[in-house]
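Colleague: Mind looking over this structure? Questions follow.
The values are calculated or read from the model by the stated rules, or taken from the named source; none is laboratory data. Being a predicted model, the structure only gives us computed values, none of them experimental. With ideal geometry, Cβ positions are generated from the backbone for all residues, glycine too; neighbour counts draw on all protein chains shown. These accessible areas exclude ligands, DNA and RNA; they are computed on the full protein's heavy atoms, side chains included. Shrake-Rupley method; radii C 1.70, N 1.55, O 1.52, S 1.80 Å.
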Amino acid sequence: LSLSTAISAPPDANYDEAKVPEYTLPDPLVAADGASVDDPAEWISKRRPEILELFKTHVYGRSPDAPKRLQYELTSIDRQALGGKATRKEIAIKLGDAPNAPSMNLLLYLPNDVSKPVPVFLGLNFKGNHTIHSDPGITLSEVWSRPSKGRAGEKKRGSEKSRGTSASRWPVETIIDRGYGLGTIYYGDIDPDFHDGFKNGVHPHHDKHESAERPADAWGSIAAWAWGLSRAMDYFERDDDVDQKKVAVLGHSRLGKTSLWAGATDPRFALVISNDSGCGGAALSRRRFGEKVKRINTSFPHWFCGNFDKYNDNEAALPVDQHMLIALIAPRPVYIASAAEDQWADPRGEFLSGLHADPVYRLLGTDGIATKEMPKVDQPSHSAISYHVRTGKHDLTAFDWGQYLDRADTIFQGSATPA
Ligand code: GTR
């Protein structure tokens, strides 16, 4: 009995490799006009922009430009945080030019005993900045509840008792001890994660539709969250303590889908990490394994653009598949991670995206993916396209972080220089 069949699948999902349909992936190295792309310059000037455009039109939607002026405010600083080993800053970053545009609150830990600037991991969190660590100095985020039983979603200040409740996913001390900074933002600051017709969050501040109807390629929530990550990057460019050339963007699950789209759209991210991102993230849609396009568009109608609905039970018609999302990140290093018991996210489909992005990575002069065979459980494969599948469930664990830190050490070499 294989692991995938041992874990029972929801009624409309397939967890059996033998039932994966036959499929043909679009070739990332064949342009829309049928010409094959065989030099890096052509990839950069012709094919990459085509693919980016296809993802904007059919999958994530079209995001606005950055605000004209970066407006931010340092709202707190403690140079003796975490027993003196770190500086903790909180920065409110405005998500638009208008005075009533929302702000997001970046929580930033930086190691004290290393020379600056430092490399930084950046990732959104699900439940509020104060949940990532029990540090009493973190401002309690205002957290959205989802609408239920006729009640609208609402925003409330997080409770004292929720401090540190997501700490297992954020090993702050380990990150600091290894010479890295950590930046995180509550994703609901950018867009609350429920479907309200795009009335709250950043969307209404940027959408200027002529007609009342929302265009089928208007940005969804994943695009909005990714856009928010780019606004954190705008801020990093102004912070002398942060090495803006060494920023790793990371996310788990829906926020892994988000980190991949952030990495694809914003070349300033030097390392892109997808933790258990699954459907609409690293997993190939055409495999129809675990979560499928129709399921995700039904459960989460606000995540993707309207056009993505056209591919419900119709994946073969997609002009892209998710290996092309990975290819958009090339030649920058990417790390795709899966969990063995997370069949919903299709570990093999996540690996295969990396494998089928390999020709683009090689064209651009990197070592691509190190293996054509799916690595065994707990045996990471490291190269420009890194991959691991670890023991256990859908989660972001110490094992995952250990790998990401090792990989960052290699890529950002000598990052942890003592002061
Ligand atoms: C699930 C969803 C997945 C994944 C996950 C998460 O309900 O089906 O696509 O995003 O949520 O974000 O934890």
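Colleague: What are the aspartates and glutamates whose alpha-carbon lies under 19 Å from the alpha-carbon of K68, with same-chain residues fewer than 8 places away excluded?
Modeller: D97, D207, D234, E237, D239, D266
Colleague: Using the Cα centre of region 67-130 as the reference point, and only Cβ charges (+1 on K/R, -1 on D/E), how large is the resulting charge dipole? Debye, rounded to the nearest 20.
Modeller: It comes to approximately 60 debye.
Colleague: GNM, the chain, Cα, under 10 Å: largest mean-square fluctuation among D406, D266, D217?
Modeller: D406
Colleague: Further, regarding this structure: Using modelled amide H (1.01 Å from N, peptide plane; none on Pro or chain starts), what sits under 5 Å from the amide H of S76, excluding residues fewer than 5 places away?
Modeller: E90
Colleague: Same structure again: I'd like the distance between the alpha-carbon centres of region 242-318 and region 391-406, rounded to an integer number of Å.
Modeller: Cα centroid to Cα centroid, the span is 19 Å.
Colleague: On to the next question. Accessible area per residue, 1.4 Å probe, Å², for region 21-65: what's the number?
Modeller: In whole numbers, region 21-65 has 52 Å² accessible per residue.
Colleague: I would also like to ask the following. Under 21 Å Cα to Cα from K155, which lysines show up? Leave out anything in the same chain fewer than 8 places away.
Modeller: K94, K127, K199
Colleague: What are the residues whose amide H is under 5 Å from the amide H of A384, where those residues sit 5 or more places off or on another chain and H is modelled from the backbone?
Modeller: Answer set, sorted by chain and number: D367, G368.
Colleague: Let me ask another. Can you figure out the FRET efficiency of Q80 with K376, using R₀ = 51 Å and their beta-carbon distance, to the nearest 0.05?
Modeller: 0.70
Colleague: Given +1 on the Cβ of Lys and Arg, -1 on the Cβ of Asp and Glu, and no further charges, what dipole in debye does region 15-76 carry about its Cα centre, rounded to the nearest 20?
Modeller: Its charge dipole is roughly 480 debye.
Colleague: Let me ask another. Taking only protein heavy atoms and a 1.4 Å probe, what accessible area per residue, in Å², does region 314-419 have with all protein chains in place?
Modeller: For region 314-419, the per-residue accessible area is 35 Å².
Colleague: So how strong a dipole does region 64-177 carry about its Cα centre when Lys and Arg Cβ are +1 and Asp and Glu Cβ are -1, to the nearest 20 debye?
Modeller: That gives region 64-177 a dipole magnitude of about 460 debye.
Colleague: Give me the distance in nm between label points sitting 7 Å out from Cα along the Cα-to-Cβ direction at K19 and A152, one decimal.
Modeller: Here the answer is 4.2 nm between the modelled labels.
Colleague: Then there is this: Counting only protein heavy atoms, what percent of the accessible surface of the chain is carbon or sulfur at a 1.4 Å probe?
Modeller: Using a 1.4 Å probe with all protein chains present, the chain comes out at 51 percent carbon and sulfur.
Colleague: Using the structure shown, list the pairs from K46/K310; K149/K208; K19/K376 with a Cα-Cα distance above 29 Å, or answer none.
Modeller: Long pairs (Cα-Cα over 29 Å): K149/K208.
Colleague: Also: By accessible area of protein heavy atoms, probe 1.4 Å, what ranking do E53, E22 get, highest first?
Modeller: Solvent-accessible surface, decreasing: E22, E53.
Colleague: If eta is 1.002 mPa s and T is 20 °C, what Stokes-Einstein diffusion coefficient results for the chain, Kirkwood Rh from Cα pairs, in µm²/s?
Modeller: Rounded, D is 99 µm²/s.
Colleague: How long is the gain from T174 to K294 if the chain were fully straight, where each residue apart is worth 0.36 nm and the alpha carbon distance is subtracted?
Modeller: Stretched fully, the T174-K294 segment lengthens by 39.2 nm.
Colleague: Under the rule of at least 5 residues apart or a separate chain, name every residue whose amide H is placed under 5 Å from the amide H of V114.
Modeller: Amide H neighbours of V114: A419.
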